[in-house]
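Undergrad: What follows is a structure written as structure tokens; I'll ask about it next.
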Amino acid sequence: MEILNSRIIVRPSDYATTLAFYRDGLGLAIAREYPGGTVFYAGQGLLEVAGHGGSGEPGRFDGAIWLQIRDVADAAAELALKGIAIERAPVLEPWGLWEMWVRDPDGVAIVLVQVPAEHPIRRDPRWSAE
């Protein structure tokens, strides 16, 4: 499975406070915004602050590792052959991305994402060979 892009997603209990921390406190530049979230440039990677899903429990990581892949169905088959449990089968989400969820051995959520050709965030020049 080839990883094309990645980001860390945090789901804070207080979206506005966390957004201000990363934007104003740390001074991260905004890569893009969408209804309910903001994606920041964070050096060579991206950090997404999502406006939903945070538990507010101290010491709990309410986030996910976001990994962009070429084909979510192929990845599902590959992971099944390796005995890796798929927590959530591939689904075309309302925001236009195919997503499948697995967890690492410590329970950290990993979102494997296929970006359809027509989706606006598809900017990776390696896709032009298809």
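The values are calculated or read from the model by the stated rules, or taken from the named source; none is laboratory data. It should be emphasised that the depicted structure is a prediction, and the values quoted were computed from it without experimental measurement. All Cβ positions, glycine included, derive from the backbone under ideal geometry; neighbour counts span all protein chains shown. Heavy atoms of the whole protein, side chains included, go into the accessibility calculation; ligands, DNA and RNA do not. Shrake-Rupley method; radii C 1.70, N 1.55, O 1.52, S 1.80 Å.
Undergrad: Working only within segment 34-48, note down all residues that are within 14 Å of the chain's Cα centre (by Cα), more than 12 Å from TRP95 (Cβ to Cβ) and open to solvent by 50 Å² or more (accessible area, probe 1.4 Å).
TA: Of everything in segment 34-48, just one residue is within 14 Å of the chain's Cα centre (by Cα), more than 12 Å from TRP95 (Cβ to Cβ) and open to solvent by 50 Å² or more (accessible area, probe 1.4 Å), namely TYR41.
Undergrad: Take the conditions over 23 Å from ASP24 (Cα atoms) and in contact with a Phe, Trp or Tyr (Cβ under 8 Å, 6 or more places away or on another chain) and apply them to GLN68. Does it pass?
TA: Spelling it out, it is not the case that GLN68 is over 23 Å from ASP24 (Cα atoms) and in contact with a Phe, Trp or Tyr (Cβ under 8 Å, 6 or more places away or on another chain).
Undergrad: Within segment 49-60, can one find any residue that is under 23 Å from MET100 (Cβ atoms), among the aliphatic types (A, V, I, L, M) and in contact (Cβ under 8 Å) with a residue 12 or more places away in the chain?
TA: yes
Undergrad: Pick from ARG103, ARG88, ARG60, ARG70: which is under 23 Å from THR38 (Cα atoms) and among the basic types (Lys, Arg)?
TA: ARG60
Undergrad: Which numbered condition trips up GLN68, out of (1) free of Cβ contacts under 8 Å to residues at least 40 places away in the same chain; (2) out of contact with any Pro (no Cβ under 9 Å at 6 or more places or on another chain)?
TA: (1)
Undergrad: Out of all the residues in segment 1-32, which are under 15 Å from GLY53 (Cβ atoms) and touching a residue at least 60 places away in the same chain (Cβ under 8 Å)?
TA: The answer is ILE9, and nothing else.
Undergrad: I want to confirm something. Restricting to segment 2-19 and keeping residues that are exposed (fewer than 13 other Cβ atoms within 10 Å of the Cβ) and not acidic (Asp, Glu), which single residue is nearest to ILE65 (Cα to Cα)?
TA: Here the residue is ILE3.
Undergrad: To continue, here is another question. Go through (1) in contact with a strand residue (DSSP E or B) (Cβ under 6 Å, 6 or more places away or on another chain); (2) within 22 Å of LEU4 (Cβ to Cβ); (3) polar (S, T, N, Q) one by one and return the number of the condition THR18 breaks.
TA: Condition not satisfied by THR18: (2).
Undergrad: Please verify whether THR38 is in contact (Cβ under 8 Å) with a residue 12 or more places away in the chain and closer than 25 Å to MET100 by Cβ, treating the condition exactly as stated.
TA: For THR38, the condition - in contact (Cβ under 8 Å) with a residue 12 or more places away in the chain and closer than 25 Å to MET100 by Cβ - is met.
Undergrad: Restricting to segment 89-116, name every residue that is exposed (fewer than 12 other Cβ atoms within 10 Å of the Cβ) and either under 14 Å from the mean Cα position of the chain (by Cα) or assigned to a loop (DSSP other than H, G, I, E, B) (or both).
TA: GLU93, PRO94, ASP104, PRO105, ASP106, GLY107, PRO116
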